[in-house]
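Working notes, structure below.
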Amino acid sequence: MLWQGLIHKYQKYLNIDKNSKIISICEGNTPLIKAPAIEKICGVKNLSVYLKFEGANPSGSFKDRGMTVAITKAINSGLHTMVCASTGNTSASAAAYTAYARSVGFENAKCVVLIPDGYVALGKLAQAIAYGSKIVQINGNFDKALDIVKELSKEAGIALVNSVNPDRIEGQKTAAFEVCEQLGKSPDILSIPVGNAGNITAYWKGFCEYFAEGSINKKPQMIGFQAAGSAPIVLGKAVENPETIATAIRIGNPASWQSAVNAAKESNGYIDAVTDEEIISAYKLIHSSQGVCCEPASAASVAGLIKSAKLGKIPENSTIICILTGNGLKDPETAIKTNEFKPMKAEANIDSVVKALGL
Ligand code: F0G
């Protein structure tokens, strides 16, 4: 059957008015990919590890799940300007869904995004430009941008579409439903990157709802990972100047801090930090051994799983999902910068190519 996006599939869980015009670009239904290379490096007996590749969403990240719901609801309730702060993916997604809204009867829909100048992967910036949003690059980080858009959104007609908007969490919880359906059961452990902490909150909500209605008979342990230079939850205090190569999660004061802590606690899990070196090493492994192109922030889930396994925190026989939150094509600069291998050059003839290859 034709896939029509996650509101179509999960409407009864989403509290969307039946008469709403749905703003969907066919998000969701993303692949769950078996990960033998990661099972092997963990070195724990009989692990089943899967990658949930959220980079396969239309704008290339999990944000689309939240955005279809947030923008459908905002626009059907008469709001016309979608505003967000972003490290890049939220802005790309908000801009994409606003563009789609303009073509289905909401001609006045606009998108305004605030991003930290110089700290957004080029592909994400290119998306926001191409989808036709208004972009303001601020001389400050994501946390500052979020403070400003919260103020901005008090004006009439404006919808704040960051994950402080509960509709975003509602949409994103569907990824937990999908994981259970794809596996045919709940995983034992779910590993996920943590930035502003909306996504871990959303997954946990999804698992709890499926458990409450009897669709699964257990809930997974939630393990979340921040980048070591941007790890306020792990440190127990806000980080004034967060730093990490994983710019998507370069956040010093997450909005959903408390609910992330609750998800970890209630699920008997934890939130830990992984260094940039661990992130890049996992990022390279995911590319070179699994053929999956994810962005650095996404690799924090795999880096965190590997770290946990080495610390003896992963039991034998576990089924584990690592969430790959975004598509690596958004950030080709990091792929090139972090690899020793450089393309060779040759004249356009067979001898020159053979010579370059050293054959
Ligand atoms: N991975 C990627 C690729 C992200 O873009 C983000 C967040 C996260 C993980 C963390 O998710 O914030 O729900 O804990 N990106 C936001 C943005 C902040 O603006 O695109 P979270």
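For the range 292-359, the Kirkwood estimate of hydrodynamic radius, built from reciprocal distances between every pair of different alpha carbons, is 15.4 Å.
Annotation for the range 326-344 versus the range 81-130: alpha-carbon center distance of 24 Å. So the label point goes 7 Å from the Cα of Ala126 along Cα→C-beta, right? Which residues of the range 300-333 then have their backbone N under 16 Å from it? What the label zone holds, given the 16 Å backbone N cut-off, is 327-333.
Note on Glu277 and Leu329: their simple-model spin labels are 3.3 nm apart, each label 7 Å out from Cα toward Cβ. For the range 195-300, applying the loop criterion from DSSP together with a ceiling of 12 other beta carbons within 10 Å to the trypsin sites (Lys or Arg not before Pro) yields Lys218, Lys237. All other residues whose Cβ lies under 15 angstrom from that of Ala228 are scored, Lys and Arg at +1 and Asp and Glu at -1, for a net of -2.
The length gained by stretching the chain between Gln182 and Gln258 to full extension, at 0.36 nm per residue less their Cα-Cα distance, is 24.4 nm. Computed over the chain with a Gaussian network model linking Cα atoms closer than 10 Å, the most mobile of Arg65, Arg102, Arg168 is Arg102.
Within the range 144-228, count lysine pairs with alpha carbon atoms under 13 angstrom apart where the residues are 8 or more positions apart or belong to different chains. If you can, show how the numbers build up before the last one.
Working: Lys173/Lys205; Lys185/Lys218; Lys185/Lys219; Lys205/Lys219.
Here the count comes out as 4.
Listed here are the pairs Lys45/Lys342; Lys12/Lys52; Lys124/Lys310; Lys18/Lys330; Lys63/Lys265; Lys9/Lys40; which of them are more than 26 Å apart at the Cα?
Lys45/Lys342; Lys124/Lys310; Lys18/Lys330; Lys9/Lys40
Taking amide H positions as modeled 1.01 Å from N, with prolines and chain starts lacking one, the residues under 5 Å from Cys111 and 5 or more places away or on another chain are Met82, Lys134.
Pair-distance distribution of the range 57-177: all C-alpha pairs, bin width 5 Å, starting at 0; shares per bin in whole percent are 2, 13, 24, 26, 21, 10, 3, 0.
Given axes a ≥ b ≥ c from the Cα gyration tensor, I'd like to know whether the range 56-101 is rounded (a/c under 1.5), prolate (a/b larger than b/c) or oblate.
On the way: a/c = 2.10, a/b = 1.54, b/c = 1.37.
In terms of gyration-tensor shape, prolate.
Adding -39500 (n - 2.57) for every DSSP H run of four residues or longer, then dividing by how many residues the chain holds, sets the calculated 222 nm ellipticity at -12500 deg cm²/dmol. Highest GNM mean-square fluctuation among Met82, Met67, Met344, for the chain modelled with Cα contacts below 10 Å: Met344. The range 1-116 gives an Rg/Rh value of 1.09, both radii derived from C-alpha positions and Rh following Kirkwood. Using a Gaussian network model of the chain whose springs link C-alpha atoms within less than 10 Å, name the residue from Ala37, Ala335, Ala95 with the highest mean-square fluctuation. Highest fluctuation of the listed residues: Ala37.
Which value in Å is the Kirkwood Rh of the chain over different Cα pairs? After inverting the mean inverse Cα-Cα distance, the result is 20.6 Å. What relative contact order, as a whole-number percentage, does the range 45-148 give when Cα pairs under 8 Å and 6 or more residues apart are counted? Reported relative contact order: 25 percent. Sequentially through the range 68-76, phi angles give Karplus couplings (6.51, -1.76, 1.60; θ = phi - 60°) of 4, 6, 4, 7, 4, 5, 4, 6, 6 Hz, Gly and Pro residues having no value and appearing as x. Of all aspartates and glutamates in the structure, the ones whose alpha carbon falls short of 19 Å from that of Lys355, not counting any fewer than 8 places away in one chain, are Glu347.
Looking at the range 193-286, the GluC sites (Glu not before Pro) that sit in a DSSP loop and have at most 13 other Cβ atoms within 10 Å of their own Cβ are Glu213, Glu240.
Remark: the range 207-216, residue by residue, has Karplus-estimated 3J(HN,Hα) of 4, 5, 5, 5, 5, 4, 8, x, 6, 9 Hz, where x stands for each Gly or Pro and the curve is 6.51 cos²θ - 1.76 cosθ + 1.60 at θ = phi - 60°.
Using θ = phi - 60° in the Karplus curve 6.51 cos²θ - 1.76 cosθ + 1.60, the 3J(HN,Hα) couplings for the range 52-64 round to 8, 8, 6, x, 7, 5, x, 9, x, 7, 5, 4, 4 Hz; x is entered for Gly and Pro. Here's the list of aspartates and glutamates a cross-link from Lys313 could span, going by alpha-carbon distance under 13 Å and ignoring same-chain residues fewer than 8 apart: Asp188, Asp272.
Every number here is computed from the coordinates shown, using simple stated rules; none is lab data. Remember, predicted model here, so these are calculated numbers, not experimental data. Reconstructed Cβ throughout: ideal geometry from the backbone, glycine too, with neighbour counts over all protein chains shown.
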